[in-house]
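Participant: One structure follows; several queries about it will come next.
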Amino acid sequence: MHELGFNMTTAINVFAHAIVRQKGIPFEVSLTTPNIETKAAIQEIEDMKSGRLPKRPLSVESLFKELGISVDGQLSAISNPTGF
């Protein structure tokens, strides 16, 4: 909470106001477990945090390989670089 600049009292008040405003809990509550892909992504992040994996690709080639992009010596134009 302190990273957001809230003490516990302020955080609880914000939460209570959100409940009143939205007429319910302001987030989804579920017992759904992550799928295999999500679990793998979570594990990868944990490995990066602990230093077992590098936090960034070591080279452009390794990034392309990780993303499944073939490298033929030339960079091909990306049709939609923003991803939208």
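The values are calculated or read from the model by the stated rules, or taken from the named source; none is laboratory data. From a predicted model like this one, the values you see are computed outputs, not experimental measurements. Cβ atoms come from the backbone with ideal geometry, glycine included; neighbour counts cover every protein chain shown.
Participant: Which count do you get for residues in the stretch 14-66 that are among the β-branched types (Val, Ile, Thr), in a loop (DSSP other than H, G, I, E, B) and surrounded by 10 or more Cβ atoms within 10 Å (Cβ to Cβ)?
Facilitator: Final tally of qualifying residues: 1.
Participant: Sticking with this one: Quick one: is Gly24 at pLDDT below 90 and of a type in the set (Gly, Ala, Ser)?
Facilitator: For Gly24, the condition - at pLDDT below 90 and of a type in the set (Gly, Ala, Ser) - is not met.
Participant: Next up: If I ask for residues that are over 25 Å from the mean Cα position of the chain (by Cα) and of a type in the set (S, T, N, Q), which ones from the stretch 1-42 would you list?
Facilitator: Correct list: Asn7, Thr9, Thr10, Asn13, Gln22.
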